[in-house]
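Rule-based calculations on the coordinates, nothing more; no lab input. Being a predicted model, the structure only gives us computed values, none of them experimental. Cβ: placed from backbone, ideal geometry, glycine included. Neighbour counts: every protein chain shown.
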Amino acid sequence: QDGTRTYQKHLVSCLATSRQSHTSRARPHRHASPSPHSCVSEPQQLGMAATRPFRWAVTSAGKIAADFAHAIRQLPGHEIVAVAARNGADADAFVAKHARGAKAYRGYAAMFGDRGAHGADCCYVATQPDTHAELVETLLDAGTPALCEKPLAVAPDAVDALYARAAARGCFLMEGMWTRCFPAVEKARKAIDDGVVG
């Protein structure tokens, strides 16, 4: 009944699934890099190892981040290892309620700079929309794969620049455009890619 939690679950399931990339005939879109053919990425591109859980860092301690954490708890083989908020007390409270065992950070830079300690494979950005582009840029420059809530940026040129930056660094980037992960949408895209329609 909670639409937000439903879409978050679709999103993390989509990222978690290993699927063969489409052929080079596939029309590229701007929702993932460096493998832009589907909302599903190869686990290796995100740093996933089969012998351990996929580890997430979460940027924000708000409601959307809480919904994401709820979805992660329902997804086998995934865990949240780090949470950052502008207020350290908010990060502590979030960890206690939604991500027990994760490390809490006061400030995003502190968490971004401590990846060697928490070992996150991907960072989920769920802060205020006007902060997304700057945070994602910082993550990409550090070589950290990123899943960012929409909008990725406030202007089309800025979105293009972020995907170009991700491609140049060979770093995964995805905007949380949840409807792309629905089976019906993926089937329709395959039909287009295969030349059945369009």
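Taking K and R as +1 and D and E as -1, what net charge do the other residues with C-beta under 13 Å from the C-beta of Arg100 add up to?
+1
Specify whether the C-alpha gyration tensor of the stretch 115-198 places it in the rounded, prolate or oblate class, a ≥ b ≥ c being the square roots of the eigenvalues: rounded for a/c under 1.5, otherwise prolate if a/b is larger than b/c and oblate if not.
Values: a/c = 2.01, a/b = 1.77, b/c = 1.13.
Prolate, because a/c is 1.5 or more and a/b exceeds b/c.
Please identify the GluC sites (Glu not before Pro) of the stretch 121-179 that satisfy two criteria: DSSP loop assignment and at most 14 other Cβ atoms within 10 Å. Which are they? All intermediate terms of the calculation are to be shown ahead of the outcome.
Working: sites: Glu134, Glu137, Glu149, Glu175; in loops: Glu149.
Here no GluC sites (Glu not before Pro) fit, given the DSSP loop and packing criteria.
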Per-residue HN-Hα couplings for the stretch 54-68, Karplus 6.51 cos²θ - 1.76 cosθ + 1.60 at θ = phi - 60°, whole Hz, x for Gly and Pro?
6, 9, 10, 9, 10, 9, 2, 10, x, 5, 4, 5, 5, 5, 4
Might you report the magnitude of the Cβ-based charge dipole of the stretch 115-198 about its Cα centre, with Lys and Arg at +1 and Asp and Glu at -1, to the nearest 20 debye?
280
Once you sort the root eigenvalues of the Cα gyration tensor of the stretch 48-149 as a ≥ b ≥ c, which label holds: rounded (a/c under 1.5), prolate (a/b larger than b/c) or oblate (the other case)?
rounded
Counting only residues 5 or more apart in sequence or on a different chain, those whose built amide H sits under 5 Å from that of Tyr124 are Ala57, Val58, Thr59, Leu147
